[in-house]
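Data block below; observations after.
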Amino acid sequence: MKRTDVARRPAVNTVAGATATAPPQAARPGAPARPPWRPAHRVTATMCAVAAVASLALTACTADGGTSARTARASVAGAAAARPELGWAEDLRISDAEQHLITQCMKAHGFRFWDERRPSLAESRPLGYVQDDVRWARTYGYGSRILAAEDRARLGNPNLVYRRTLSADRQKAYDLAMDGGREARVLSTEAPMGGRVTKQSGGCAGDAEKALYGDPAAWFAADTTVSNLRPLYVGRLLKDGQFTRAVRAWARCMRDAGRPYADPAAARQATREHSAQQSPAEEARTFAAETRVAVADATCARTTSLRSVGQRREAHYVAALTGGYGKALDAYARMKRLAFTRAERIVPART
């Protein structure tokens, strides 16, 4: 989850040649999203947990879902299928609640601390490999201006500025209050692709996770597992016949629109090929060009049903993971629901 605090030593390490990664930050526009893949069996909420590992997605699991979501739910009879699903908006609320808890805790330790500036719900929407919301694309393109605003906010982070004003002893006390320092408890878990992942858990950050998820160690283990499942299947998905045919259909549509790109990733990358330093006029022209490509991309994705094809085929591969990782996925879904229930009492939803 996002934390507006100071730059400090890495919280997560990979050891012994591990290929695992730390559980991801909340998704940003232009970054891989959390898709709504729902296989035809097993708990729907659990499969939304699997969705957190995929980068081919379109948007995260939603509370109500679309036609494909309702069809999937209808195919898994019983109370389990009726469990509430969490999507990216709910993830944001959990992240905001964690941030708020850290802020209150740091203030209780005698330090000034500020919640991060929260962009609107629309601005916080994650993007994945397929983006078929034409209205969003028309307004935000691929989210470059949103990312730029976030980068500026990080550079001007008031917590970083405040910490630099403290004496060396107070800085040490600040860091100790934040994460428990070097004596903090070390969490450790095995990753799906091998290797052990570790993370220090203490201070206000650890207390916030405990307040939301209940057991920081159990949450770390489940989150690490879910965050590292993608490599187990994504290679096969990218070569899947149905999916590749849909991508080729998308490419034909884009070519007909005067945008000859092989796939959505190529289209997006083309909008980033410009100088990092631009005048306001140059940035305006660049953003206008980005928006035109993004609108064509979203329009072709919708016309060719690339989103729904991707959902169905990823569901096929994701379903095969539940045998070996079902317990971790269930734990992830359960603790995420618990965290959201608690977050609802702490912070309002973004609008």
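The values are calculated or read from the model by the stated rules, or taken from the named source; none is laboratory data. This is a predicted model, so every value here is computed, not measured. Neighbour counts are summed over all protein chains in view; Cβ atoms, including those assigned to glycine, are modelled from backbone coordinates with ideal geometry. Remember, those area values only see protein heavy atoms, side chains included, never the ligands or the DNA or RNA. Shrake-Rupley method; radii C 1.70, N 1.55, O 1.52, S 1.80 Å.
In the stretch 176-192, is there at least one residue being over 30 Å from Ala284 (Cα atoms), small (Gly, Ala, Ser) and part of a helix (DSSP H, G or I)? So far as the stretch 176-192 goes, yes, one or more of its residues are over 30 Å from Ala284 (Cα atoms), small (Gly, Ala, Ser) and part of a helix (DSSP H, G or I).
Go over the candidates Ala122, Ala153, Ala173, Ala149 one by one and state the one that is touching a helix residue (DSSP H, G or I) at 6+ places or on another chain (Cβ under 9 Å) and either open to solvent by 20 Å² or more (accessible area, probe 1.4 Å) or in a helix (DSSP H, G or I) (or both). Going through Ala122, Ala153, Ala173, Ala149 in turn, just one is touching a helix residue (DSSP H, G or I) at 6+ places or on another chain (Cβ under 9 Å) and either open to solvent by 20 Å² or more (accessible area, probe 1.4 Å) or in a helix (DSSP H, G or I) (or both): Ala122. Per the conditions (1) at pLDDT 90 or above; (2) open to solvent by less than 20 Å² (accessible area, probe 1.4 Å); (3) under 20 Å from the mean Cα position of the chain (by Cα), the sole criterion not satisfied by Met106 is (3).
Residues are listed down the side, and each one gets a yes or a no for (1) over 20 Å from the mean Cα position of the chain (by Cα); (2) among the basic types (Lys, Arg); (3) assigned to a loop (DSSP other than H, G, I, E, B):
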| position | (1), (2), (3) |
| --- | --- |
| Glu273 | yes, no, yes |
| Ala276 | yes, no, yes |
| Glu283 | yes, no, no |
| Thr291 | yes, no, no |
| Asp297 | yes, no, no |
| Ala315 | no, no, no |
| Ala331 | no, no, no |
| Leu338 | no, no, no |
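Tell me, yes or no, whether the stretch 332-341 has at least one residue that is hydroxyl-bearing (Ser, Thr, Tyr) and more than 30 Å from Asp96 (Cα to Cα). The answer is no, given that none of the residues of the stretch 332-341 is hydroxyl-bearing (Ser, Thr, Tyr) and more than 30 Å from Asp96 (Cα to Cα). Of all residues in the stretch 276-328 being of a type in the set (S, T, N, Q) and touching a Phe, Trp or Tyr at 6+ places or on another chain (Cβ under 7 Å), which is modelled with the lowest pLDDT? Once the filter is applied, the top-ranked residue is Gln311. When Gly214, Gly194 are checked against the criterion of being over 29 Å from Tyr174 (Cα atoms) and either open to solvent by less than 20 Å² (accessible area, probe 1.4 Å) or over 17 Å from the mean Cα position of the chain (by Cα) (or both), Gly194 stands alone in meeting it. Residue count for the stretch 269-289 under the criterion of being open to solvent by 70 Å² or more (accessible area, probe 1.4 Å) and touching a residue at least 40 places away in the same chain (Cβ under 8 Å): the result is 1. Restricting attention to the stretch 207-219, the residues that are assigned to a loop (DSSP other than H, G, I, E, B) and among the acidic types (Asp, Glu) total 1.
Conditions tested, residue by residue: (1) more than 16 Å from Ile102 (Cβ to Cβ); (2) more than 21 Å from the chain's Cα centre (by Cα).
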| position | (1), (2) |
| --- | --- |
| Arg135 | yes, yes |
| Gly141 | yes, no |
| Ile146 | yes, no |
| Ala149 | yes, no |
| Arg152 | yes, no |
| Asn157 | no, yes |
| Ser167 | yes, yes |
| Asp175 | no, yes |
| Ala184 | no, yes |
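Within the stretch 109-119, being open to solvent by 30 Å² or more (accessible area, probe 1.4 Å) and under 21 Å from the mean Cα position of the chain (by Cα) holds for Asp115, Glu116, Arg117, Arg118. For the stretch 135-143, the criterion of being open to solvent by less than 40 Å² (accessible area, probe 1.4 Å), at pLDDT 95 or above, among the hydrophobic types (A, V, I, L, M, F, W, C) and not in a loop (DSSP other than H, G, I, E, B) is met by at least one residue.
Within the set of pairs 6 or more residues apart or between chains, which connect a residue that is free of Cβ contacts under 8 Å to residues at least 12 places away in the same chain and under 18 Å from Ala266 (Cα atoms) inside the stretch 127-150 to a residue that is open to solvent by 30 Å² or more (accessible area, probe 1.4 Å) and assigned to a loop (DSSP other than H, G, I, E, B) with Cβ atoms less than 9 Å apart? Note: no pairs meet the criteria.
Can you find a residue in the stretch 304-320 that is crowded, with 19+ Cβ neighbours inside 10 Å, in contact with a helix residue (DSSP H, G or I) (Cβ under 7 Å, 6 or more places away or on another chain), closer than 19 Å to Pro192 by Cβ and of a type in the set (A, V, I, L, M)? Among the residues of the stretch 304-320, at least one is crowded, with 19+ Cβ neighbours inside 10 Å, in contact with a helix residue (DSSP H, G or I) (Cβ under 7 Å, 6 or more places away or on another chain), closer than 19 Å to Pro192 by Cβ and of a type in the set (A, V, I, L, M), which makes the answer yes. Residues in the stretch 156-170 that are open to solvent by less than 70 Å² (accessible area, probe 1.4 Å) and outside any helix (DSSP H, G or I): Gly156, Asn157, Leu166, Ser167. Check whether at least one residue in the stretch 220-238 is outside any helix (DSSP H, G or I), open to solvent by 30 Å² or more (accessible area, probe 1.4 Å) and not small (Gly, Ala, Ser), and report yes or no. Taking every residue of the stretch 220-238 in turn, none turns out to be outside any helix (DSSP H, G or I), open to solvent by 30 Å² or more (accessible area, probe 1.4 Å) and not small (Gly, Ala, Ser). Would you mention how many residues in the stretch 239-264 are open to solvent by less than 80 Å² (accessible area, probe 1.4 Å), part of a helix (DSSP H, G or I) and either among the β-branched types (Val, Ile, Thr) or under 21 Å from Ala315 (Cα atoms) (or both)? Of the residues in the stretch 239-264, 8 are open to solvent by less than 80 Å² (accessible area, probe 1.4 Å), part of a helix (DSSP H, G or I) and either among the β-branched types (Val, Ile, Thr) or under 21 Å from Ala315 (Cα atoms) (or both).
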